[in-house]
Structures are given as C-alpha cells and as structure tokens.
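Notes for the one structure printed next.
The values are calculated or read from the model by the stated rules, or taken from the named source; none is laboratory data. Just so you know, these numbers come straight off a predicted model, no measurement behind them. Positions of Cβ are backbone-derived with ideal geometry, glycine not excepted, and every protein chain shown enters the neighbour counts.
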Amino acid sequence: MGGTQRQGPPLLTQEEGATWLAEKVVAGTPFAAGKLGTAECEAICFYLSCRRPDMPEKKPYPAHILQHMFLNAGLFPATEATLDAYVVYMATAVLPALDGVAEWNPCMPFQEGVLLTNHAPRAVRFPARSLEPYYTAGPENRWSLVATGGSSAASAERPPLAVVSPFAATIGAQWPQQERVWSNGPAVWLPSNIHVVRTGYSPELAGDKPTCAWPRAVREGGWSTAIRWMADSVQASGAKLAIIGCGALSLPLCVALKSRGISAIHTGGATQILFGVKGGRWETHSVISTFFNDAWVRPSTAEVPTHAGMVEHSCYW
C-alpha cells in the first residue's frame with residue numbers, strides 16, 4: 001500500500017536491534033524474538049478479515065495461502081481446520097508473548113504493522129538484519145559471539161547452544177569449521193558446544209524421503225505435537241538459548257521454549273547461513289555471497305526433500 005504510514009512504536013535501527021538482542025542474551029532472562037514469515041502474516045490477516053467465528057459467512061482460504069502454509073512453511077496436516085487453529089494460536093498466544101520482533105515484510109508492510117500493533121504490542125521492533133549477526137559492525141553487539149563467548153565460564157562448562165533446523169547433519173558437520181567458514185567475513189562464533197535438533201519438512205515437501213520426514217508419532221499428531229517434540233529435545237540438551245529455523249513452527253517453538261525457561265531467536269532462512277550452508281537464494285546476494293569460500297557447502301543430499309523444486313526454485317538447497 002504505497003504511501004501508507006507504518007503502524008506501531010518506533011523502529012530501532014539495525015545496530016540498535018542487534019544491541020538489544022545481545023543485551024538480552026547477556027541478561028539471561030528467557031526471551032523470544034524473531035520474525036513473522038510472509039505466508040504466516042498473510043494467513044493470519046486473511047483469517048482475521050474473512051474467517052472469524054463472528055462473521056456470517058466464512059470465505060475459503062485462497063489456494064496460494066494454503067500452498068504457502070502447507071508446502072513452503074511446513075504446517076501440517078493440510079486442512080483448513082488446521083490452518084484456522086494455527087492462526088488463532090498465533091494471534092492469541094504466540095505474538096503477544098514475543099519480546100522482540102523484526103519489522104521487515106516487503107509484500108504487505110502496512111498489514112504487518114497493524115497485525116504486530118494489535119497482537120504483539122509489547123514486542124520491541126527492529127529490522128530483520130538485526131537478527132543476523134554478520135550485519136552488525138560491533139563484535140560486542142553480535143548476539144552469536146555473546147552467546148558462545150560472553151560467559152566467563154570455560155567453553156566446556158557452558159550449556160550447549162541449541163540449533164533447530166532440517167539441516168541438522170550438515171550444520172553439525174560444519175560447526176568445527178566455523179573459523180574457515182567465516183574467514184571472508186566478520187567473526188560470528190567462538191568455539192563452543194552445540195546441540196542440533198533435526199526437524200522434518202511438510203509431508204507434501206518431504207515426499208517419500210524418510211530422512212526429510214518427521215518421526216511417525218509427530219506426523220500423526222500434527223503441528224502442535226511437533227512443537228512439543230522439538231521443545232522436549234531442546235530442553236533435554238540443557239541449552240539455555242536456541243536458534244530456530246523451522247518455517248511456520250518457529251515462532252510457536254520460540255514461545256514454547258521461553259515458557260520452559262529457554263531463550264529463543266527465530267532466524268528463519270538465515271539459520272543455515274550462520275553455519276556456512278549455502279542455498280540458491282543467496283548465490284548472488286550482494287553481501288552474503290561475498291562470504292562464500294571453499295568451506296561453505298550445500299545441504300547434504302539426505303536433507304534435500306523430494307519436492308525441493310516446488311519451493312522458490314529450491315531456494316534453500
């Protein structure tokens with residue numbers, strides 16, 4: 001909506017947002033921060049304007065919203081009732097619990113602003129790049145450095161950093177090579193321990209590839225079961241901070257972890273970049289592509305879903 005004023009409280013600068021995140025990590029009080037994906041934003045806005053229970057006639061979700069939520073964003077099972085339950089949960093339980101949220105949506109900025117103002121009124125707002133520490137000039141304000149080296153405790157004594165991603169095996173293999181990975185860019189990590197939780201893709205995306213699927217009990221239970229399963233896995237690791245990149249389930253997982261005393265940052269697609277895992281989306285990126293060197297890799301074949309080409313021309317793979 002061209003020319004429309006943005007909605008909400010003042011927007012921090014990128015560096016101010018990064019500083020806020022670093023300070024939250026140092027403080028140690030559980031918090032949840034991240035960004036609302038375009039698919040999720042559009043689905044919630046459509047529900048609120050066209051499918052609320054108090055409306056005399058509900059409109060069906062447009063086909064593109066269903067595809068983006070069930071294929072791209074990974075919500076399951078693929079029914080309208082599932083999507084209704086998800087968006088109500090997002091609007092009433094997840095967004096209100098966020099402590100910080102990126103304001104970034106290039107497709108529907110006004111709608112995003114109104115949604116965040118109405119449903120995430122207590123969240124500090126900052127640009128999306130605040131979530132990605134390689135954009136932050138001051139090393140002391142890179143939350144990733146603070147998380148892995150800001151404690152006075154020896155590395156082996158610190159709780160592990162949890163990472164939730166479908167690229168678990170590749171991230172685990174890349175972790176020992178972080179100094180090489182970031183030799184062309186700013187320091188992002190200090191030596192530390194990580195615990196990686198492998199997520200599944202949506203059943204429609206995973207196809208018949210078992211290494212890309214959720215465990216059977218999770219598939220049968222649906223998205224809310226997946227959130228509990230991931231939260232249990234993170235909690236069992238002893239982590240006090242988790243980095244989340246699992247599509248539409250990311251923000252609900254952040255809030256679930258916060259309720260268990262674990263801080264969580266939803267970094268979305270950038271999660272793989274933090275560990276030197278390439279994707280087609282960043283091949284020509286004006287900043288991120290300059291970090292690439294021979295230590296960067298593609299996701300392992302086992303982590304490429306059967307129908308990867310259906311998601312923005314395999315943008316993550």
Next on the checklist: For the range 16-34: of the residues being part of a loop (DSSP other than H, G, I, E, B) and touching a Lys or Arg at 6+ places or on another chain (Cβ under 9 Å), which is surrounded by the fewest Cβ atoms within 10 Å (Cβ to Cβ)?
Outcome noted: Gly28
Checklist entry - Is it true that some residue in the range 13-32 is within 22 Å of Arg219 (Cβ to Cβ) and touching a residue at least 24 places away in the same chain (Cβ under 8 Å)? => result no
Item to check | Test: Lys209 is surrounded by fewer than 24 Cβ atoms within 10 Å (Cβ to Cβ), under 19 Å from Ala33 (Cβ atoms) and among the charged types (D, E, K, R) | outcome: no
Next on the checklist: Taking the criterion of being hydroxyl-bearing (Ser, Thr, Tyr), modelled with pLDDT of 95 or more and buried (at least 24 other Cβ atoms within 10 Å of the Cβ), would at least one residue in the range 241-250 satisfy it?
Outcome noted: yes
Item to check | Test set (1) touching a helix residue (DSSP H, G or I) at 6+ places or on another chain (Cβ under 8 Å); (2) of a type in the set (Val, Ile, Thr); (3) surrounded by fewer than 22 Cβ atoms within 10 Å (Cβ to Cβ) - Thr79 fails condition number | outcome: (1)
Checklist entry - Of everything in the range 258-317 that's among the β-branched types (Val, Ile, Thr) and part of a helix (DSSP H, G or I), which residue is nearest to the chain's Cα centre (by Cα)? => result Thr271
Checklist entry - Which helices (runs of 4 or more DSSP H) does the range 168-237 wholly contain that include 2 or more residues that are at negative phi and in contact (Cβ under 8 Å) with a residue 60 or more places away in the chain? => result 168-174, 178-181, 203-206, 223-237
Item to check | Lone unmet requirement of (1) closer than 23 Å to Phe70 by Cβ; (2) touching a Leu at 6+ places or on another chain (Cβ under 8 Å); (3) not small (Gly, Ala, Ser) for Arg125 | outcome: (1)
Next on the checklist: For the range 39-59, check the following and say yes or no: at least one residue is under 30 Å from Pro160 (Cβ atoms), within 19 Å of the chain's Cα centre (by Cα) and part of a helix (DSSP H, G or I).
Outcome noted: yes
